[in-house]
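Values in this text are rule-based calculations from the coordinates and carry no lab data. If you're wondering where the values come from, they're calculated on a predicted model, not measured in any experiment.
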């Protein structure tokens with residue numbers, strides 16, 4: 001009878017351990033679940049078909065940068081054209097000012113000649 005009682009206590013203890021595992025086993029299971037979730041997340045991030053993958057993010061970033069670069073190139077072209085136009089306009093104004101100075105200089109030369117003729121007469 002004592003043998004059965006001893007066996008019953010041992011089986012109860014084993015059953016108790018199986019139903020309620022030690023804390024380190026519980027912690028290990030918990031950490032294993034966390035690692036499995038992280039691994040699933042990493043697989044999703046590395047899958048090229050996933051819209052949330054790193055590759056998809058880089059593709060979106062490259063597309064955004066390409067559009068931005070195209071806009072900058074367009075703005076540069078417009079600025080270069082405006083700069084050329086303004087330089088041409090400045091050149092025309094400068095040539096007009098020089099022509100006016102030449103005409104004024106000729107007029108003054110004629111006035112001087114007239115004054116010389118009046119003085120000499």
To the nearest 10 degrees, the tilt of helix 2-19 (Cα long axis) against the first principal axis of the alpha carbons of the chain is 10 degrees
Check: C-alpha center the stretch 56-71 vs C-alpha center the stretch 19-38, spacing in Å is 43 Å
Asserting the computed 222 nm helical MRE of the chain (DSSP H runs at least 4 long, -39500 (n - 2.57) per run, divided by residue count, to nearest 500) equals -33000 deg cm²/dmol
In degrees rounded to 10, the 0-90 angle between helix 54-120 Cα long axis and the longest Cα principal axis of the chain is 10 degrees
Between the Cα axis of helix 23-46 and the main Cα principal axis of the chain, the angle (0 to 90°, nearest 10) is 30 degrees
